[in-house]
């Protein structure tokens, strides 16, 4: 159906998008396939949004190496892609004598991985920096940071796209066959031919791998739940507050993360589940998160929680095994590169994973860097990030900047329209939410939802039935009011 | 160099809903000249245009009006008085020295005001604020948003509906959805009593045979893409769900009518002190907040159950603001009104001069044959009897100047029999 590509990437999460954007630098025909209607549909949007420093992963592991490398690559990349980030630092706190010893261990591991500037500070010093947090001692990592994972993923994809890569959404891979000179990939949108496949299908990477007979990988879906505190709690903490990791399941424990938008995230929980598509939040875990948060910060105002969400990790470590197995990144079959079990620190590592995968491809193909690669991404200037004078200029240049769609986050109509004009034609409420922040605030869409719907019907001529929350299976309306009554009459 | 447009005004009214309209009209009638209303929607009247049921205006106009009709009376008067207003305009920030930054398609404005009336209304509590577990599909709406979409946009949110919360909006929406052909399977209320006006229980639920499940709550939302079902459960006295008392209801929509929160994000930008109980500003009998020259009225001050009371309160705020602009002496003393037994709040929180007072009071629990008493220390100044009191019904009591003259303290409480 399509022309044959050089490289075909499966899965538009942060790792798939980072790889695709890296490939866009070279004289290659690259295609990215995504089963959902937009990029960043899975765990890439549902995580803490943390730039890790490599405290937790054994020396010599891919996790340790790629995490540190990726973190160092991030500031330049964020600038090019025009996405916000903040190196707010992180404190791992110790509250018992046993945990004090653990801090030393974490520091040693981090340093072995090449993390810089790690110091252990006293409880008194911690109290100066974080007046609301009490502990015996804390490990401080100055270069740990926060970012918006969904915006980063979207930016990677958009920048790849503007450099000539093809991205197909709503394209689910059904089958892969080896053919004479490469692979034949059958999807819900037809057949694609390619020389090389990169499997970055996240939670489904084992199934993609099994399509070529490589069924040795088993992924264990592990759900993580979060709670979000209102922005007016932004001053509670200045840095990330982590406990010493519990010695189970290879997770970091319930932590408090300030977000770029000024909220505070509580979470995540860790719960192995049977179904991969089970993005619930549960009463038990909500309770657990609340008590975990109280332990870290006793005065945390839990009545300021505005929302809860969950996402599913793709773990390669079985539930019964303590600790956490390393990332698997390897060419399992010639020209077929598997990325399996890319869980935390996958977000931080993603730029380094992308470099590593391109190095692997270089061994198979004689590739050259394009001279016209443009690493920068234009972003609609967010109204709320501008000074009053800049806001006045924005409005003078474009009156739609003066019309607020989202009252909580001060998102203008201009930003909403630009978000809806995304290159993937994802004209959903979620597409707007993740691109602009409209609907993420304390009223949770109470004000902006009718306004976004108005834009969809007036500017895009969409009917009520065609308006979706996430995808075509999640309609907001059953039709117009009259339709239902007419239907009932005729019945 | 700043390139926004600066403008001096005597009074800026933030919000063009029922409170803002009545406040502006009253201010103008009381002598304020240079005033303007800022409204973020492209219509005046706030929430009223979507309230197409009747029952508004009984107190003020002595006849039942629909929401749009009620709003129109004020809009007509506003226009007659030539009071300017800006639509599609949102106040972004108020500085403590009363500069108000307003974004509009025309420009970014900076109004320097002598007085400000906060009339931003309230917002609905959402699912996240009461931690309902489950999936996050399409089909979960707050009742007010659903009302907007159905009544103003003719968009039908679902056909098999469960409503959580027996507040007035929830009950009115139960009737509305039924009239539009949807099946409302139940209204689920966690408390052992309803949270709305008695007339709505009769006219919206009983008349339409919509089941009301008291002492029940929603414990889980199910369905990946669109709501497929919800789990409800009976609750005990501590309002926690009872094991074994859960049941599943198949539905495609969950409406939440779980309370309103005064929308004071803007008030905070200029340092207005808020009450943790009402979640609105702390005010004196002039409805002046802790920031001199900044007044509050309507649902941004405390959530009302009847719009007529919003308008009446706003009239007082408008009058006070105009007095402030005209520099009339208003403050003589400062007495804190103490909230005694059986009450959730009394508004205003302070008295600043000898004058006739009108207090808004809410009780904590429903009660029959109750008396509300006013004390200066142990001396009973006045008591007023009620056949029935209910948390959902705001009580208004007037105190004459003569009744509070020479008091040093004031406490209000429900009298024990």
### Task
Consider just the alpha-carbon atoms of chain A and return their Rg together with their Dmax, both in angstrom.
23.0, 75
### Task
Quickly rank A:163-171, A:383-391 as a protection proxy: mean count of other C-beta atoms within 10 Å, highest first.
A:163-171, A:383-391
## Note on the structure
For peptide B:140-151, the mean count of other chain Cβ atoms within 10 Å per residue Cβ is 3
### Query
residue A:322 versus residue B:384, label points 7 Å from Cα toward the beta carbon: distance in nm?
6.8 nm
### Message
If I model a spin label at residue A:362 and residue B:81 as a point 7 Å from the Cα along the Cα→Cβ vector, what separation in nanometres do I get?
### Response
7.5 nm
### Whole-angstrom gap from segment A:16-76 to segment A:157-202, using each part's C-alpha centre
18 Å
### Task
Please list A:144-156, B:147-159 highest first by mean number of surrounding beta-carbon atoms within 10 Å per residue.
A:144-156, B:147-159
### Query
Semi-axes of chain B's equivalent ellipsoid from the Cα gyration tensor, sqrt of 5 times each eigenvalue, largest first, rounded to whole Å?
36, 29, 19
## Note on the structure
If the label point sits 7 Å along Cα→Cβ of residue A:80, residues of segment A:356-378 with amide N under 18 Å come out as A:356-362, A:367-378
### Query
Taking 0.36 nm per residue of separation and subtracting the Cα-Cα distance, what length does fully extending residue A:215 through residue A:355 add?
47.8 nm
### Task
With everything on Cα atoms, drop me the angle between helix B:18-29 and the longest principal axis of chain B, reported from 0 to 90° to the nearest 10.
20 degrees
### Message
Given contacts defined as C-alpha pairs under 8 Å and at least six residues apart, what's the relative contact order of segment A:383-483, whole-number percent?
### Response
20 percent
### Shape of segment B:126-258, Cα gyration tensor, a/c cut at 1.5
oblate
### Length gained when the stretch residue B:365-residue B:397 is fully extended (0.36 nm per residue, less Cα-Cα span)
9.7 nm
### Query
Given only helices, namely DSSP H runs of n ≥ 4 each adding -39500 (n - 2.57), what is the per-residue ellipticity at 222 nm of chain A, to the nearest 500 deg cm²/dmol?
-9500 deg cm²/dmol
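Quick check on segment B:331-417: what are the equivalent-ellipsoid semi-axes from the Cα gyration tensor, as sqrt(5λ), descending, whole Å?
Working: eigenvalues 97, 33, 24 Å².
Here the semi-axes work out to 22, 13, 11 Å.
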### Task
Take peptides A:8-15, B:187-194 and line them up by average Cβ neighbours within 10 Å, highest first, as a rough protection proxy.
A:8-15, B:187-194
## Note on the structure
Only helices counted: for chain B, with every DSSP H run of 4 or more residues adding -39500 (n - 2.57) and the sum spread over all residues, [θ] at 222 nm is -5500 deg cm²/dmol
### Query
When the Kirkwood radius is taken over all Cα pairs of segment B:301-373, what Stokes-Einstein diffusion coefficient follows at 25 °C and 0.890 mPa s, in µm²/s?
171 µm²/s
### Message
As a footprinting exposure proxy, order A:405, B:13 by other Cβ within 10 Å, with the fewest listed first.
### Response
A:405, B:13
### Message
For a test of the definition: using alpha carbon positions, the gyration tensor, and the 1.5 limit on a/c, classify the protein assembly as shown as rounded, prolate or oblate.
### Response
prolate
### Task
Output the antiparallel fraction of DSSP beta bridges having both residues in chain A, as a percent to the nearest 5.
75 percent
### Query
Taking the Cα centre of each part, how many Å lie between segment A:346-360 and segment B:210-254?
46 Å
### Task
Would you mind giving the average projected area, over all directions, of the Cα convex hull of segment A:406-491 in nm² with one decimal?
6.1 nm²
#### Entry: For segment A:441-484 versus segment B:62-89, the gap between their alpha-carbon centres in whole angstrom
29 Å
### Computed label-point distance, nm, for sites residue B:377 and residue A:162 using a 7 Å Cα→Cβ extension
7.6 nm
### Query
Which whole-number percent gives the relative contact order of chain B, counting Cα pairs below 8 Å spaced six or more residues apart?
16 percent
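What average count of beta carbons from other chains do you get within 10 Å of the Cβ of residues in A:442-452?
The mean count of partner-chain Cβ atoms within 10 Å per residue comes to 6.
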### Query
For residue A:27 and residue A:186 in the same chain, what is the full-extension length gain: residue separation times 0.36 nm, less their Cα-Cα distance, in nm?
54.8 nm
## Note on the structure
Counting other chain Cβ atoms within 10 Å of each Cβ in B:1-8 and taking the mean gives 3
### Query
Any idea what angle helix B:168-179 forms with the longest principal axis of chain B, computed on alpha-carbon atoms, 0 to 90 degrees, nearest 10?
50 degrees
### Task
With a Förster radius of 30 Å, plug the Cβ-Cβ distance of residue A:371 and residue A:4 into 1/(1 + (r/R0)^6) and report the FRET value to the nearest 0.05.
0.80
### Query
Per 10 Å bin from zero, what fraction in whole % of the C-alpha pairs of segment A:169-274 is there, up to the bin with the longest pair?
13, 28, 20, 21, 16, 3, 0
### Taking segment B:214-298 and dividing mean pair separation by its residue count, relative contact order in percent (alpha carbons under 8 Å, at least six apart)
17 percent
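Values quoted throughout were computed directly from the atomic coordinates according to the rules given, and no laboratory measurement underlies them. It should be emphasised that the depicted structure is a prediction, and the values quoted were computed from it without experimental measurement. For neighbour counting, all protein chains shown are included, and Cβ atoms are generated from backbone atoms with ideal geometry for every residue, glycine included.
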